[in-house]
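This report concerns only the one structure given below.
The values are calculated or read from the model by the stated rules, or taken from the named source; none is laboratory data. Everything numeric in this text was worked out from a predicted model, so none of it was measured. In this analysis, Cβ positions are derived from the backbone assuming ideal geometry, glycine residues included, and neighbour counts consider all displayed protein chains.
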């Protein structure tokens, strides 16, 4: 009888223990059940993460950004504007045989571009090869999509650029060995104007690796010295004062 009483006694304790464990497990599960009644919208820089469609309300924090937060936002925005948006490779154009550099797109329709290019000029008949540097400003007023394709055509791209060549044999002001006004121009710095056209392929998002678009272009350019020569020497032909160049642009951002 004592053995039977002991089993019945411990069986009751065991049932009570199972009941308590079940209650604790239910409470734990309820505590970790996600609440879908409210959704918090998090704003990071200029990106807004919207709630999922099944949510019904959005909780907006009543805390307004402080002066420090606004200053940090402006600080980051200004520095982000310095990140280059594209790279360019250009052949010829009175800036070297081959030039490569980077630049920025801006404007309401990204119709403005500013490029910084370094060029390589072979030695040809001189003693050594030379390095050039170019600051180029581009303006593209129109961009026309070709039907429903990923291609677009820019019927006009124009602008100007300033080019210089590195080397002691070139000068901005005439050396003393020449009479004053003998040349009347600088052999180190040239101003250019150009006009051309472009064809752009917008890479589909699933195929993008490093660039989102590729642009092929050509340009006809001339310099300040060539323009003066063309007006003062009637025998010169367009091929003598116009330069044809080709290039490729990789749109990174």
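Points to keep in mind about this one:
- Selection of the stretch 109-128 for residues being modelled with pLDDT of 90 or more and assigned to a loop (DSSP other than H, G, I, E, B) yields 109, 110, 111, 122.
- The sole residue among 93, 119 that is surrounded by 12 or more Cβ atoms within 10 Å (Cβ to Cβ) and over 23 Å from the mean Cα position of the chain (by Cα) is 93.
- Residue-level check: of (1) closer than 30 Å to residue 171 by Cβ; (2) touching a residue at least 24 places away in the same chain (Cβ under 8 Å); (3) out of contact with any strand residue (DSSP E or B) (no Cβ under 6 Å at 6 or more places or on another chain), residue 123 misses just (2).
- In the set 171, 112, 142, only one residue is on the phi < 0 side of the Ramachandran plot and within 18 Å of the chain's Cα centre (by Cα); that residue is 112.
- The residues of the stretch 226-253 that are part of a helix (DSSP H, G or I) and crowded, with 16+ Cβ neighbours inside 10 Å, listed by number, are 226, 230, 241.
- Residue satisfying condition, being more than 19 Å from residue 218 (Cα to Cα) and either surrounded by fewer than 17 Cβ atoms within 10 Å (Cβ to Cβ) or at pLDDT 95 or above (or both), within set 149, 143, 99: 149
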